[in-house]
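Input: a single structure, listed below in structure tokens.
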Amino acid sequence: MGMTIAQKIIKAHLISGDMTPGSEIALRIDQTLTQDATGTMAYLEFETMGIERVRTELSVAYIDHNTLQCGFENADDHRYIQTVAKKHGIRFSRPGNGICHQVHLERFGVPGKTLIGSDSHTPTGGGIGMLAFGAGGMDVAVAMGGGAYYITMPKMFKVNLTGKLRPFVTAKDVSLEILRILSVKGGVGAIIEWGGEGVKTLSVPERATITNMGTELGATTSIFPSDEITRAFLKAEGREDAWTALASDPDAEYDRIIDIDLSTLEPLVACPHSPDNVKKASELKGMKVDQVCIGSCTNSSLMDMLKVAALLKGRTVKPSVSLSISPGSRQVLSMLADCGALTDILASGARVLECACGPCIGMGFSPNSAGVSLRTFNRNFLGRSGTADAGVYLVSPETAVAAALTGEITDPRLLGDMPQITMPEAFRVDDSAVLMPASPEEAKDLEVVRGPNIKPFPDSRPVGDAIEAPLTLKVGDNITTDHIMPAGAKILPYRSNIPHLSQFCFGVCDASFPERAKAAGQSIVVGGSNYGQGSSREHAALVPLYLGVRAVIAKSFARIHVANLINAGILPLTFKNPEDYDALNQGDTLRLTGIHAGMDAGEITLQDVTTGKAYPLCCDFTERQKAMLKAGGLLAFTAIG
Ligand code: MIC
Ligand code: SF4
């Protein structure tokens, strides 16, 4: 039988396991990336493994999230990451060099290679034909040490593209269309391959916009073929030698095929507070807009920015709107400056921010009270912007410009003719902001600098045979990691300080949770379906661990989060009968007994001591996961092993 692109890369990297969907497989990882908000933890974890030098082909540490330095914390973290990277063989992308996914695509992505990153949007690399996964920091630490990355062998979905996008309809609208079709849960357990004739009409940055937002579908990852368009992109980056052709076999089989005719799409908008709440821009026409933000790892490529500059040229941003533009990388920003496009952007009245995540993760530029913010980003979860009552709408750069100029949601096709933008034959290559690691000899004497913000991570404990604890928090469906462990300018600087972070745990849902959990000593959390969707931040497991959470019971879990819970030694269980969720009440005392035998049998009984009722729970763990839970998480397991 023929193979899909992903199956071919998996086969070439398979260390163990059977490539049948649902089985656990172990993959060899060629490249890793970290960003600063998850990187400090990942490197602390790597250090505990006692390995002198990374064993990957390439590992890069980016500084792009925590760039607002309002105190010593972020600067200290940057210094720690810079020194730890230099010592252990990791390249260091300096603050200001750009957003990890954009820079990695430009400078390091290689078709056919595997990449894991401690950031959920690592699948952006699928735009260049990499098999790229978001992962928790501990998994990245293990991969840096040469260990395997374990995933459940996914199903294969194909999106078959035909036709060509019409002017003002973009790759972002393709991402929103697939979210409309599949929802934020529709990609769970699947790799999405993009194929068909329509693929030939999309540039690498456009493909990367689409694979980037595959994360919002819950997909394991997304991937495009590597073809002549990929080759031209790599050539323009001065890296044509990194190119190889990649295509699925004509008789490859897919579990699901979705057809999209690009020529029928329209400008779309994802409304608050979920990326799959999609409407047509024309349906929202006239809605007043307070703020527009252009950038993020979804839409900050040179092509995006050139289009934005061309549309803004000679026009002025409406006085009632505040417009921010963050180019994705120093390469993008310097090329905008070289060709004069930056001057057009500035002349329009836009505020140009540094090449970083910025407003996307609430690092500045929070909207006004009850504000309407149009963003070219990938997530619009409640509270993520930093303003609790703001409404964030996700759009393409073209739709963003239309709103900035008119002050309201406007179909961008009303802006007139789309200026012709072509991809340059050569990008401006300057890797001087990527610092090389020290040689192994030089590294021996190097000191890793640790500021006072860096606190040890919480002690995990082995999962025992019984847990009796109160249900300290019951939450609903689609709880994101932004609910569990919010980010933003006030909180993000403490990513290396779990005790401090713990005060904000579940702050969006119930600000009294941390106190209640601490008072209880140990507790259980109950959630609905798709619990833990969104980011890869392992803090959404480490902080509950610190607060004494021993088990999370949900209708279903998101992939990266469930791995992070197991890595932290927290027991994730699912309801055998989802309706049992309704019978549990916050405050009830819950009891789990016979946990070890239950893990082997695949089922554990939950007793609600308060109501006297019992419910069956599923625990479908692999032998490795069982051993990890019994050891108290991945680090303890690695130490024992
Ligand atoms: C995000 O977009 O939510 C983040 C911030 O990039 C996270 C990582 C983090 O929380 O540090 C992600 O997507 O994994
Ligand atoms: Fe940064 Fe936003 Fe992309 Fe996350 S989604 S990596 S915060 S730009």
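The values are calculated or read from the model by the stated rules, or taken from the named source; none is laboratory data. Note that the structure is a prediction, hence the values are computed from the model and not measured. Reconstructed Cβ throughout: ideal geometry from the backbone, glycine too, with neighbour counts over all protein chains shown. These accessible areas exclude ligands, DNA and RNA; they are computed on the full protein's heavy atoms, side chains included. Shrake-Rupley method; radii C 1.70, N 1.55, O 1.52, S 1.80 Å.
For the reader, a short list of remarks on this structure follows.
- Condition met for Ser385 (part of a loop (DSSP other than H, G, I, E, B), within 16 Å of ligand 2 (Cβ to nearest atom) and touching a residue at least 12 places away in the same chain (Cβ under 8 Å)): yes
- Residue count for region 368-381 under the criterion of being in contact (Cβ under 8 Å) with a residue 40 or more places away in the chain and more than 16 Å from ligand 2 (Cβ to nearest atom): the result is 3.
- Total residues in region 523-538, condition part of a loop (DSSP other than H, G, I, E, B) and either surrounded by fewer than 24 Cβ atoms within 10 Å (Cβ to Cβ) or within 13 Å of ligand 1 (Cβ to nearest atom) (or both): 9
- Unique residue being within 16 Å of ligand 1 (Cβ to nearest atom) and not aromatic (Phe, Trp, Tyr) when the list is Ala487, Ala469, Ala519: Ala487
- Some residue of region 368-377 being outside any loop (DSSP other than H, G, I, E, B), in contact with a Lys or Arg (Cβ under 6 Å, 6 or more places away or on another chain), surrounded by fewer than 24 Cβ atoms within 10 Å (Cβ to Cβ) and not aromatic (Phe, Trp, Tyr): no
- Of all residues in region 152-192 being in a strand (DSSP E or B) and open to solvent by less than 10 Å² (accessible area, probe 1.4 Å), the one that is nearest to Glu206 (Cα to Cα): Leu161
- Members of region 193-208 that are outside any helix (DSSP H, G or I), out of contact with any helix residue (DSSP H, G or I) (no Cβ under 6 Å at 6 or more places or on another chain) and more than 23 Å from Thr399 (Cα to Cα): Trp194, Gly195, Gly196
- A single entry from Gly386, Gly391 fulfils the requirement of being modelled with pLDDT of 95 or more and within 16 Å of ligand 1 (Cβ to nearest atom): Gly386.
- Count - residues of region 588-620 that are crowded, with 18+ Cβ neighbours inside 10 Å and either more than 22 Å from Pro470 (Cβ to Cβ) or in contact with a Cys (Cβ under 7 Å, 6 or more places away or on another chain) (or both): 3
Residues are listed down the side, and each one gets a yes or a no for (1) buried (at least 22 other Cβ atoms within 10 Å of the Cβ); (2) at pLDDT 95 or above; (3) of a type outside the set (D, E, K, R):
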position: Met1; (1), (2), (3): no, no, yes
position: Lys8; (1), (2), (3): no, yes, no
position: His13; (1), (2), (3): no, yes, yes
position: Asp18; (1), (2), (3): no, yes, no
position: Tyr43; (1), (2), (3): yes, yes, yes
position: Ser59; (1), (2), (3): yes, yes, yes
position: Ile63; (1), (2), (3): yes, yes, yes
position: Asn66; (1), (2), (3): yes, yes, yes
position: Val84; (1), (2), (3): yes, yes, yes
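- For region 334-344, a residue qualifies if it is surrounded by 20 or more Cβ atoms within 10 Å (Cβ to Cβ) and without any contact (Cβ under 8 Å) to a residue 24 or more places away in the chain, but none of them does.
- Residue within region 301-315 that is among the polar types (S, T, N, Q), more than 26 Å from the chain's Cα centre (by Cα) and modelled with pLDDT of 95 or more present: no
- Hits in region 345-367 (condition: open to solvent by 10 Å² or more (accessible area, probe 1.4 Å), within 14 Å of ligand 2 (Cβ to nearest atom) and over 17 Å from Lys490 (Cα atoms)): Leu353, Glu354
- Considering Gly146, Gly136, the condition of being touching a residue at least 12 places away in the same chain (Cβ under 8 Å) and open to solvent by 10 Å² or more (accessible area, probe 1.4 Å) is satisfied by Gly146 alone.
- Segments classed as helices (runs of 4 or more DSSP H), wholly inside region 406-522, with at least 1 members that are open to solvent by 20 Å² or more (accessible area, probe 1.4 Å) and either more than 30 Å from Leu606 (Cβ to Cβ) or in contact with a strand residue (DSSP E or B) (Cβ under 6 Å, 6 or more places away or on another chain) (or both): 440-444, 498-501, 513-520
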